[in-house]
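Here is the structure we will look at.
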Amino acid sequence: MAPGEDPVPEDAYDAIADEYAEDIPTSAYNAHLEFPGTRALIPDVSGERILDAGCGTGIYTEWLLDQSAEVVGVDVSEAMLARARGAVGDRAQFHRGTLGESLEFADEEEFDGVVSALVIDYVEDWETLFDEFARVLAPGGFVVFSVVHPLDTLDEAENYFETEQYVREWSVDVPCYRRPLGVMFDPVIQPGFRIDEVSEPQPTEEFAEKRPERYETESRNPVFLCVRAVLE
């Protein structure tokens, strides 16, 4: 990325793929806060065809496969996809694709469920995102997604009530969007989803063991928001 250019998620995640693959599986915030919260909302997927939307290095892909699901992973980053393929081999199919744009699945009702964990914060256009999820899901199919809780970034917001782009700092800058809670659900409901469950997970005992200095704070303040929606 040239100096002065805005950061691009694809470039950023290509750059941090190795760092991400090493850090995220053992991160207290991911492994012992977000993952348990999101996982608890995913229904029985045995024998189901599931889209891992923004699969990254394949953490959820591998878990879904272990639940006997048939999994297709999509991600914008070829470096992340390479890591995912290395993790699960030919047990899953992988495609490069950009969430918030048309997904390259010709058939409607191709999937029984969509899982998208800590990904759609990087997507500006949620209307197209959830329209496409609705298109590729069979009636009664589900979407389970997690995002950073809007209250977790409140101190950094210029205007809580606006959708704002900000930068998440890794070894490179990663652009993402914060949204007020009040505008998060309309793009989900409009294409025909019913909000089935909303969760604000709290840290587990394993989190306390790994990050004791943060346990009390994160037990009192929401970090992630996890949602299950069902297509009617």
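The values are calculated or read from the model by the stated rules, or taken from the named source; none is laboratory data. Given the structure is predicted, the values throughout are model-derived calculations rather than measurements. When we count neighbours, we look across all protein chains shown, and the Cβ atoms used for this are built from the backbone with ideal geometry, even at glycine. Accessible surface areas use protein heavy atoms only, side chains included; no ligands, DNA or RNA. Shrake-Rupley method; radii C 1.70, N 1.55, O 1.52, S 1.80 Å.
Looking at the range 1-128, the accessible area is 45 square angstrom per residue; that uses a 1.4 Å probe and ignores ligands, DNA and RNA. If you run the Gaussian network model on the chain, springs between alpha carbon atoms under 10 Å, then out of Tyr122, Tyr20, Tyr60 the most flexible one is Tyr20. A 1.4 Å probe run over the protein chains yields, for the range 164-218, 59 Å² of accessible area per residue, whole-number rounding. Charge dipole of the range 32-102 (Cα centre as origin; +1 on each Lys and Arg Cβ, -1 on each Asp and Glu Cβ, all else neutral): 120 debye, rounded to the nearest 20. Calculated [222 nm] ellipticity per residue, helices only, for the chain: -8500 deg cm²/dmol; basis is -39500 (n - 2.57) per DSSP H run with n ≥ 4, divided by all residues, nearest 500. Pick from Gly56, Gly141, Gly47: which is most flexible by mean-square fluctuation in a GNM of the chain where alpha carbon atoms under 10 Å apart are linked? Among Gly56, Gly141, Gly47, the largest mean-square fluctuation in the Gaussian network model of the chain belongs to Gly47. A full extension of the chain between Asp196 and Glu209 corresponds to an added length of 1.5 nm, given 0.36 nm per residue minus the alpha carbon distance.
Over the chain, the ratio between the Cα radius of gyration and 2.2 N^0.38 Å evaluates to 0.97. When only Cα pairs below 8 angstrom with a gap of at least 6 residues are kept, the range 109-232 shows a relative contact order of 32 percent. Taking 0.36 nm per residue of separation and subtracting the Cα-Cα distance, full extension of the segment from Arg220 to Glu124 would add 31.7 nm. How high is the relative contact order of the chain, given as a whole-number percent (alpha carbon pairs under 8 Å, six or more residues apart)? For the chain, the relative contact order is 22 percent.
Extending 7 Å from the Cα toward the beta-carbon at both Ala82 and Gln67 defines two label points whose distance is 3.0 nm. Placing unit charges on the Cβ atoms only, positive for Lys and Arg and negative for Asp and Glu, gives the chain a dipole magnitude near 580 debye about its Cα centre. Dividing the alpha-carbon radius of gyration of the range 141-217 by the rule-of-thumb value 2.2 N^0.38 Å gives 1.35. Solvent-accessible area of the range 19-155 (1.4 angstrom probe, protein heavy atoms only): carbon and sulfur portion equals 42 percent. Which whole-number percent is the relative contact order of the range 176-228 (Cα, under 8 Å, 6+ apart)? Across the range 176-228, relative contact order equals 41 percent.
Running a GNM on the chain with Cα contacts under 10 Å, which residue among Ala31, Ala117, Ala134 ends up with the highest mean-square fluctuation? For the chain, modelled as a Gaussian network with Cα springs under 10 Å, the answer is Ala31.
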